[in-house]
Amino acid sequence: MRILFIVGSFPALSETFILNQITGLIDRGHEVDIYSLNRPEDTFKVHPDVESYQLLKRTYYAPERAKNPTLRLLQAWTLLLASGCRHPIGLMRSLSLFKYKKHLKPIEWFHLMVPFLGKPSYDIIHCQFGMYALKGMLLRDIGAIKGKLLTSFRGFDISWYVQEYGEQVYNELFKKGDFFLSNCEYFRQRVIKFGCNPQKIVVLGSGINCERFFFKPRFPDDGKIRLATTGRLVEKKGMAYSIRAVAKLAESHPNIEYNIIGDGVLKTDLQNLIQELKVGHIVKLLGWKNQQEIIEILDKSHIFIATSVTAKDGNQDAPVNTLKEAMAMGLPVIGTRHGGIPELIEDGVSGFLVPERDVDTLAEKIAYLCDHPEIWQQMGQAGRAYVEQHYDTNKLNDQLVQIYEQVLINKDPNSAMNPNFKEAIA
């Protein structure tokens, strides 16, 4: 199959779940192109697979728009002329897009169209995140791209984006899209609530390559108990609450060390909080790390914490891959009763679930795990088994191919899917 992935930014260190799908499809003999709506600001740290699969050669970007108004106008006319000569039908259709002015101005469509001029059609157009599917839908409407349109809803697109732009924002996509995926049941139900046909959406979790995350029983070794968290330093990751919880234990558990891997807009705020709580000697912000560096840090850790919260703007998390990676490596975990996380952590089995923003309960669970290292191995084994069963990327990529095949043979994409379809991905 010829497959096009439409993504927000590529490559992105925080989106290995998309990378795993791309490489999995290539391994299965399919041709994959990547269309990135934005160029990443930092390309110094990339996942090794980006280089080993030479994915940048498969990646296309819309031309960057000039910042100077005069240059931008000149660029627009040049682009207009090129579009008219090379893709006249698409140009004529794009000129009729004034009804979509709330999405983009016509000249912006010319920028989005350029990478597709002269390209053959695709079998599958797979849009990662709902808001990018809106652009994919309109690009297909004007004939810039052709193929069955699939959308993966993954979190902020069905939480923050809906709160920001209204519950009707995906109405047209639900009518025109050929099929939909969500990465957990929690978000599947939200998508259905906002108007998607329940027969046109299934859960396909975000996978990890379990072969890259080696299981290791956890034991206290040098007297230190190392806690770890991985994620962007943004409000919905709730790291301020885990820092406060660790601070409450600083005196009673002086052997704790807490490492936070990641970067983001709240870095300065979190640094100030660490100083205010006087825990700079045990809480460290390590910045961005690539996957191998993260594995090395987790390999030396004992407990993993993921305290996601619903942000003020409505942003929510699915079962995050950083939790899956830690569980695959045998770490007992602590997460919040938030979004899709309870679908991943079995409370009291592979770790503990605590209410959002409940610093006291979080501190209690951290203290309990610190005081009872004898349960670490059992919890770690349970977590590894659960991730292998439900989130192994090889199994999920096989299911993804089956989904594509079923969508391609379905003569009426707006009708209920083939009854054999659900059996194929069960």
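Taking segment 231-276, which residues are in a loop (DSSP other than H, G, I, E, B) and either polar (S, T, N, Q) or more than 19 Å from the chain's Cα centre (by Cα) (or both)?
Leu249, Ala250, Glu251, Ser252, His253, Pro254, Asn255, Leu266 - these are the residues of segment 231-276 that are in a loop (DSSP other than H, G, I, E, B) and either polar (S, T, N, Q) or more than 19 Å from the chain's Cα centre (by Cα) (or both).
Considering each residue of segment 303-355, count those that are free of Cβ contacts under 8 Å to residues at least 60 places away in the same chain and aromatic (Phe, Trp, Tyr), and give that number.
Total satisfying the criteria: 1.
Restricting to segment 258-281, give me the number of residues that are in contact with a helix residue (DSSP H, G or I) (Cβ under 9 Å, 6 or more places away or on another chain) and under 26 Å from Asn321 (Cβ atoms).
Qualifying residue count for the region: 12.
Hey, any hits in segment 147-154 for a residue that's touching an Asp or Glu at 6+ places or on another chain (Cβ under 8 Å), in a strand (DSSP E or B), open to solvent by less than 20 Å² (accessible area, probe 1.4 Å) and touching a residue at least 24 places away in the same chain (Cβ under 8 Å)?
Yes, segment 147-154 contains a residue that is touching an Asp or Glu at 6+ places or on another chain (Cβ under 8 Å), in a strand (DSSP E or B), open to solvent by less than 20 Å² (accessible area, probe 1.4 Å) and touching a residue at least 24 places away in the same chain (Cβ under 8 Å).
Restricted to segment 136-145, and to residues that are out of contact with any strand residue (DSSP E or B) (no Cβ under 8 Å at 6 or more places or on another chain) and either open to solvent by 10 Å² or more (accessible area, probe 1.4 Å) or not in a helix (DSSP H, G or I) (or both), which residue is modelled with the highest pLDDT?
Of everything passing the filter in segment 136-145, Asp141 is modelled with the highest pLDDT.
Hey, any hits in segment 284-292 for a residue that's among the basic types (Lys, Arg), surrounded by 14 or more Cβ atoms within 10 Å (Cβ to Cβ) and either under 23 Å from Gly223 (Cα atoms) or out of contact with any strand residue (DSSP E or B) (no Cβ under 7 Å at 6 or more places or on another chain) (or both)?
Keep residues of segment 284-292 that are among the basic types (Lys, Arg), which gives 284, 289.
Cutting the leftovers down to surrounded by 14 or more Cβ atoms within 10 Å (Cβ to Cβ) gives us 284, 289.
Then drop every residue that is not either under 23 Å from Gly223 (Cα atoms) or out of contact with any strand residue (DSSP E or B) (no Cβ under 7 Å at 6 or more places or on another chain) (or both), which leaves 284.
Checking segment 284-292: at least one residue is among the basic types (Lys, Arg), surrounded by 14 or more Cβ atoms within 10 Å (Cβ to Cβ) and either under 23 Å from Gly223 (Cα atoms) or out of contact with any strand residue (DSSP E or B) (no Cβ under 7 Å at 6 or more places or on another chain) (or both).
In the set Tyr186, Tyr165, which member is more than 25 Å from Leu4 (Cα to Cα) and surrounded by 21 or more Cβ atoms within 10 Å (Cβ to Cβ)?
Tyr186
Can we say Thr59 is surrounded by 15 or more Cβ atoms within 10 Å (Cβ to Cβ), closer than 24 Å to Ile124 by Cβ, modelled with pLDDT of 90 or more and touching a helix residue (DSSP H, G or I) at 6+ places or on another chain (Cβ under 6 Å)?
Judged against the criteria, Thr59 is not a match.
The values are calculated or read from the model by the stated rules, or taken from the named source; none is laboratory data. As the structure is a computational prediction, the values presented were derived from the model and not from experiment. With ideal geometry, Cβ positions are generated from the backbone for all residues, glycine too; neighbour counts draw on all protein chains shown. Areas reflect the complete protein model, heavy atoms only, side chains present, ligands, DNA and RNA absent. Shrake-Rupley method; radii C 1.70, N 1.55, O 1.52, S 1.80 Å.
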